[in-house]
Structure formats: structure tokens, C-alpha cells
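What follows is a single structure, written as C-alpha cells, with notes after it.
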Amino acid sequence: MLIGLVGKPSSGKSTFFRAATLAEAEIANYPFTTIKPNHGVAYVKVDCVDKEFKKQCNPRFGYCLQGWRFVPVDLMDVAGLVPGAHKGLGKGNQFLDDLRQADVLIHVVDVSGSTNDQGEPVEPGTHDPAQDILFLEEELDLWYLGILKKGWERFARQVLQENQEIDKALGKQLSALKVTEEMAKEVIQKLNLNKDKPNQWTDQQLKSLATEFRKRTKPTIIACNKIDIKTGQENFEKIQKQFPDRLTIPCSAEVELALREAAKNKLIEYIPGEEHFKITNQNLDEDKKKGLDFMKKFLEKFKTPGIQEVLDKAVFDFLKYFAVFPVENSKLTDKSGNLLPDVHLLPQESTALDLAFQIHTDIGEGFIRAIDVKTKRTIGKEHKLKHRDVVEIITRK
């Protein structure tokens, strides 16, 4: 799975990326600091099952911290987008193409209104962050529309001449954008388009089609960044009222980054997404004490910096994935003796056989049965799994 970070320049995307991954992404307060997309490993948070077995897990990937399992996901930060990106302004076409494979988007918005539409610094509160939300959705819609309309007349004519079904043809034509035949069928029905005459669909109908495809293939969470800057909270409340159908989460990438850096340097104990931290190093200079005091007050007011919440909701709420712990035997270990070594993220309705194939093709092809370790029940290949299942798969040797 791939999570894409989008937004205008200087909205805080690179800080968000670094906070989520602790990667050395370049951070600066000027447009187009990021040119090529940064890829890194971020983590979603799962209540680990090791407590139920009264044992300590040994993850091969990710890590476990005080009963919370952090499962790796791929995070990509593309360069900032500006109005006109779909026309190529600010290298917009290149940056948009970087997003093709993203499963879900996190739109990082400067909710304090301290950067204009080009990402240039302005007095906090003088730019309306609602404009950033609307412009980015419009740019994505026009990007989709450009792909859809490229050769549309010839495509529609060919569909009619070869007596193809338009939903199947669209699913194949737009597969790179993750559009499926079933999705195309649903959208055509929703928009009440005449599937027998695609050559007569108007430009406005094609725009509506592009918008629906964008919403379904690039679901977007709005991360309202810089909430700690003056006017941030006031603007956030306005955005909630103006966009009640969007998921908006207040956050501060800078606070999250500072907390994770402090934990990395063993100054504090901090679990990402939690409401508090514990100072473990008492030999701090005045600057560090002031910094930690600021972060303590921030958490008292906002509960969390929001970064972990955004990542978790992207995977578990928007994409509807869930976590499963596969094991090789009843002792919950792998061949190296690692306890509960892996966690797999699966889409909803996934079965035991789906899990087997995700682990390895040979395991899927050799599948005989599986065991629900918690209940010790044997389950078949069509058995639908659920969040935090622990599954042992039996295969042909």
C-alpha cells in the first residue's frame, strides 16, 4: 500500500514526512524544496496481541512499544502543487504523475493561513486555508479529466464499433488510476450516463465522471497542520463547518517531529499518538526544558500532535484495512524463534487464503487449512479474517 502526501509548497508536508518516518527529507520555508518524491517507511499503530499470550513479541519489521505494534507502510511525499498544476505549472504534471499508484492521499494544509497559494510566507490568518482544500481537489479532478479526455472521441467510437461494454472498457483504460470495471459501472449508474452512447457524453459529464473516479481511487484525509500557530484553531473550526463531509484532523508536524527526535535521543519516553510523554533525562539545558514544556502544554490542549491519528485513519478507516498476525506454529514463532514476528495488513473481506498468498505464492498454492490460534479452531480457505486475528497456515510440505 502507498500513502501519498500532497499539498501546496511550505504547507509542512516534508516536516510531516520526516515526523512520520524520521527520514532526512529537506525542510525549508520556500516553494519546491521537494522536487523528486521522497519515499519512506511510516507506521500504523495496532494494539499488539502479545499481551493476550503474556509474552513479548519480536517483530521482524516495524517495532512494538509498550503493547503497541507499529506496522510499516510506504509513505511518499511529492513536491508541492500550485494552482494550474494539471497544466504543468510548477512541474505539476510530473508531480501529479508521481501520485498514480497512491492508494490514499493525505492533504497537508497550512491551517494557520501563514502561506499564500504559492507557498510564500504571509502574516498568519491572511490566507484562507479553505482555498487550499478546494484548489487541490480541483487540480486532481482536472488531472483525471485530462487523462480521461485524452483520445476520448476515438476511444468512444472504438467502444461502439467493437460493441464493447463501456464500464469494462473504462476499467481497462484507466486501470493505472486504480479504476475498476465495477467502479466504472457504479459511477456511470450514479451519474445516470447513457452507457450506450458514450460518444455523446458532454464535457460536464466527463468532468463529473473524473471527479467521482478521483474520490473513489484517491480518498483524501485533510491534515490541518500548524494548528499551534495563532489563528490555527480558529481556522480549523471554520473548516470543519465549511467541509462537514471531509475528514479533517488538527495536527502539528513540528511538535510530532520534536517529540520523536527527543524520544530517539532518549530524553523522553513517548509513544506516537499518545497524550503524554515522560521525561527520562534530568540533565537538560534551559532550551530543552522550555521546548518540552511547550510540547506538554500542546498535548494538554490538543491531546495528540495528530500525525499518528492521520496515518491510522488513512489505512484503517479510509482503506478499511485490518491487521492479522500470521505464525508458523502453535508456539507463535518463526524458524528463527521470533515470537509473533509479522503483521500483515489486508483489505476488508480478506480470507485465510488471501493471507496465505500475501505471505508467499508457494504458501497460497500449498494451502490445506488454517488455524485460528486464539480459539484453536480449524478454518478453511474461504474463512473471512478479522482485525487482530492470529493465524497458523498449514500447507503441503
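At 0.36 nm per residue, minus the direct Cα-Cα distance, what do Lys320 and Ser336 gain on full extension? Give it in nm, one decimal, please.
Numbers: separation 16, 0.36 × 16 = 5.76 nm, distance 3.20 nm.
Stretched fully, the Lys320-Ser336 segment lengthens by 2.6 nm.
Dipole magnitude for region 323-395: about 360 debye, using +1 per Lys or Arg Cβ and -1 per Asp or Glu Cβ, origin at the Cα centre. Dipole magnitude for region 152-207: about 120 debye, using +1 per Lys or Arg Cβ and -1 per Asp or Glu Cβ, origin at the Cα centre. Looking at the chain, the DSSP beta bridges with both ends there are about 60 percent antiparallel.
In this structure, Glu186 and Phe294 have a Cβ-Cβ separation that, at R0 = 56 Å, corresponds to a calculated FRET efficiency of about 0.70. Taking 1.306 mPa s as the viscosity and 10 °C as the temperature, the Stokes-Einstein diffusion coefficient of region 265-397 based on its alpha-carbon Kirkwood radius rounds to 89 µm²/s. Taken over the C-alpha atoms, region 152-207 has Rg and Dmax values of 10.4, 26 angstrom. Model label points for Gln101 and Tyr63, set 7 angstrom from Cα along the Cα-to-Cβ axis, are 2.7 nm apart.
Straight Cα distances below 23 angstrom link Lys290 to the lysines Lys226, Lys230, Lys264, Lys266, Lys278, Lys301, Lys303, with same-chain residues fewer than 8 positions distant left out.
In the chain, taking the dipole from charged Cβ atoms about the Cα centre, the farthest positive-side position among Gln240, Ile3, Thr202 is held by Ile3. Report relative contact order for the chain in percent, whole number only (criteria: Cα-Cα under 8 Å, sequence separation at least 6). After rounding, I find 16 percent.
Overall, the chain carries a charge dipole of about 1020 debye about its Cα centre when +1 sits on the Cβ of Lys and Arg and -1 on the Cβ of Asp and Glu, all other atoms neutral. Here region 219-269 and region 101-148 have alpha carbon centers that stand 16 Å from each other.
Considering all C-alpha pairs of region 93-163, those separated by over 20 Å amount to 50%. For region 282-358, the set of GluC sites (Glu not before Pro) satisfying both a DSSP loop assignment and a count of at most 13 other C-beta atoms within 10 Å is given as Glu349.
Length gain on complete extension for the stretch Gln242 to Glu349, per 0.36 nm per residue less the alpha carbon to alpha carbon distance? Before the final figure, lay out each step's value.
On the way: separation 107, 0.36 × 107 = 38.52 nm, distance 3.41 nm.
Gain on extension, Gln242 to Glu349, equals 35.1 nm.
Footprinting exposure proxy ranking of Glu269, Glu162, fewest other C-beta atoms within 10 angstrom first, gives Glu162, Glu269. Whole-Hz Karplus values for region 101-111 come out as 8, 5, 8, 8, 10, 10, 8, 8, 10, 7, 6 Hz, taken residue by residue from phi with 6.51 cos²θ - 1.76 cosθ + 1.60 and θ = phi - 60°; glycine and proline positions read x. Only alpha carbons enter this Debye calculation for the chain, each as an equal point scatterer, and the log10 of I(q)/I(0) it gives at q = 0.11 Å⁻¹ is -0.91.
Pairs with C-alpha atoms separated by more than 27 Å, drawn from the list Lys335/Lys397; Lys197/Lys320; Lys45/Lys172, are Lys197/Lys320; Lys45/Lys172. The trypsin sites (Lys or Arg not before Pro) of region 146-208 that meet both conditions, a loop assignment by DSSP and at most 13 other Cβ atoms within 10 Å of the site Cβ, are Lys150.
Can you tell me how region 323-395 classifies by the Cα gyration tensor, rounded, prolate or oblate, using a/c under 1.5 as the rounded cut? Walk me through the numbers on the way to the answer.
Numbers: a/c = 1.32, a/b = 1.23, b/c = 1.08.
It comes out rounded by the Cα gyration axes.
Using a cut-off of 26 Å between Cα atoms, the listed pairs Lys297/Lys386; Lys150/Lys178; Lys238/Lys297; Lys8/Lys313 include Lys297/Lys386 as exceeding that distance. Mean residue ellipticity at 222 nm, helices only, the chain: -10500 deg cm²/dmol; runs of at least 4 DSSP H residues each add -39,500 (n - 2.57), and the sum is divided by the number of residues.
Among Val159, Val109, which comes first, then next, by fewest other beta-carbon atoms within 10 Å?
On the way: Val159 20, Val109 29.
Ranking Val159, Val109 by Cβ neighbours within 10 Å, fewest first, gives Val159, Val109.
Taken together, the values in this text are just the output of simple stated rules run on the coordinates, not laboratory data. Just so it is clear, the structure is predicted and the values come from calculations on it, not from any experiment. Counting neighbours? That spans all protein chains shown, and the Cβs are built from the backbone with ideal geometry, glycine included.
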